[in-house]
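This report refers to the structure that appears directly beneath it.
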Amino acid sequence: MPTNMISKFLEKSVVLPLDAAPIHVKTTGGGPRTSVLRNPNMEKLQKGYLFPEISIKHEAHLKKYPDAKVISLGIGDTTEPIPSVITSAMAEYVLALSTPEGYQGYGPEQGQMNLRKVIAEKVYQDMGIKESEVFISDGAQCDIARLQTLFGPNVTIAVQDPTFPGYVDNGVIVGQTGSADEAGKYAGIAYMRCAPENHFFPDLSRVPRTDVIFFCSPNNPTGHAASAAQLRDLVDFARRNGSIIVFDTAYAWYVSEGQGQGKPRSIYEVPGAREVAIEISSFSKFAGFTGVRLGWAVVPDELRYADGSRVARDFDRIVCTCFNGASSVAQAGGLACLSTEEGRDAVRRVVGVYKDNARVLVDTFASLGKEVYGGTDSPYVWVRFPGRRSWDVFAEILEKTHVITVPGSGFGPGGEGFIRVSAFNSRDRVLEAAARLKKFLA
């Protein structure tokens, strides 16, 4: 059939039989298409997801300056090698898979019980967390999506502003929101302003009641770790309103003071939190598992829905339906991180490298007279550029210094006028980036 005849033929609906189940294919100027309607919630999402957008700009910059030595202080990807005490345990487990005695197939969807037990005992020591309340996952970001699936489209949510964009975007996808306004705020979400002016903790008296409150401490991107008093206020607020807190502790190992010293590493250090809070966490940022992929969620038995049913029971159902369990190799590594003092010391040293880098960055911006926050209990440094748009600052720094940062507005309207600078890189590269930034900003 001539090409022009094919084109005319395809402009009409075409039924193509396939195993007796016809597929109705239509074409327009954009090519063939099915009759399946697009999820309308996907249309609400603003542009692309933040970090792939930065990667695109990184690639475009390299095309423009192919010889540039670009230093990334942007996406929070770890760079230090995983300690050998951890990788050795993983290698030993992998080699055992080649033997009849050591081979294992599917494991429990909720995770290996030995890892669940060590997390309950070591991470949540004296907090009353049971191993049966710990669910092993492939990372906190995946748990956010599973929790949003659990909650469904009919709940209302509150988020810190600024905050990690995954909470909002997953809420949009499952149908919890309306469209975004010009400032980037989605209808149906309560944005809890967290700024230097309120010590990065929201004025809860001005926050409307919502079903779910997403809260990250230490916060990504501001680097602020909430105090014990602030978290008591948050738990009391949730208890009064009958809300559920989803507490993200992905950066808890960076809290300098540690447990019981004013800045809790877990929401369960606060009395009454078991009745109102789910906690999610990750091995990514303290053990270098950004590529290995391992995390966990804690859902206490006391946490109940309005009808009295256990939230943990439904979360277990979601996990068993949507997930076949975390990699057993990754879980062997997680066990090596936490089960011995040698493993725990090894990951503390890795965290120490990034914290030292963060101090270099804080000192750099402070020496230039910049308003700088974070970097003490977090690998992130939060820098204000008054009167400037975040993406403009990002672009100018990249153009003039070949250093990648992250525009603060990507974390919500409250991040406009800031950039986030990550300490995740080698010491030499961080020092070089600091020198370039000083030369440019001086």
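The values are calculated or read from the model by the stated rules, or taken from the named source; none is laboratory data. The structure presented is a predicted model; accordingly, all values stated were derived computationally and were not measured. Heads up, the Cβs are rebuilt from the backbone with ideal geometry, glycines too, and the neighbour counts pull from every protein chain shown. All accessible areas refer to the heavy atoms of the entire protein, side chains included, with ligands and DNA or RNA removed. Shrake-Rupley method; radii C 1.70, N 1.55, O 1.52, S 1.80 Å.
For this structure, a couple of remarks:
- Cα gyration tensor category, rounded, prolate or oblate, for region 213-355 with a/c compared to 1.5: oblate
- Gyration tensor (alpha-carbon) shape descriptor, region 44-161, a/c threshold 1.5: oblate
- Subtracting the Cα-Cα distance of L431 and A145 from 0.36 nm times their residue separation leaves 99.3 nm of extension gain.
- The mean accessible area for residues of region 152-260, using a 1.4 Å probe and ignoring ligands and nucleic acids, is 35 Å² per residue.
- Nitroxide proxy distance, nm - points 7 Å out along Cα→Cβ at A366 and K438: 1.5
- Rounded, prolate or oblate (a/c below 1.5 giving rounded, otherwise prolate when a/b exceeds b/c) for region 302-433 by Cα gyration tensor: oblate
- Filtered chymotrypsin sites (Phe, Trp or Tyr not before Pro), region 253-360: DSSP coil and at most 15 other beta carbons within 10 Å: Y305
- Aspartates and glutamates whose Cα lies under 17 Å from that of K438, excluding same-chain neighbours fewer than 8 positions away: D363, E371, E396, E399, D428
- Rolling a 1.4 Å probe over the protein heavy atoms of the chain, with every protein chain left in place, gives an accessible area that is 53 percent carbon and sulfur.
- Two-site FRET efficiency, R317 against Q104, from Cβ-Cβ distance with R₀ of 22 Å, rounded to 0.05: 0.35
- GNM remark for the chain: springs join alpha carbons under 10 Å apart, and the peak mean-square fluctuation among Q141, Q230, Q176 falls on Q230.
- [x] 1.01; [y] 1.04; [z] 0.95, with the label sought being that of the calculated Rg/Rh (Cα atoms, Kirkwood Rh): [x]
- Coarse-grained scattering of region 88-340 at q = 0.14, 0.15, 0.16 Å⁻¹, given as base-10 log I(q)/I(0) from a Debye sum over alpha-carbon atoms: -0.93, -1.06, -1.21
- Where GluC sites (Glu not before Pro) fall in DSSP loop in region 289-381, at most 16 other Cβ within 10 Å: E302
- Loop-located chymotrypsin sites (Phe, Trp or Tyr not before Pro) in region 100-167 whose Cβ has at most 10 other Cβ within 10 Å (DSSP): Y103, Y106
- Note on the chain: helix-only mean residue ellipticity at 222 nm, from DSSP H runs of 4+ residues weighted -39500 (n - 2.57) and normalised by residue number, equals -11500 deg cm²/dmol.
- FRET E, pair R388, R348, Förster distance 51 Å, beta-carbon r, rounded to 0.05: 0.85
- Computed extension gain for R359 through E182, at 0.36 nm per residue and net of the alpha carbon distance, reaches 60.1 nm.
- Förster-model FRET efficiency, 30 Å R0, R239 and E197, C-beta, rounded to 0.05: 0.65
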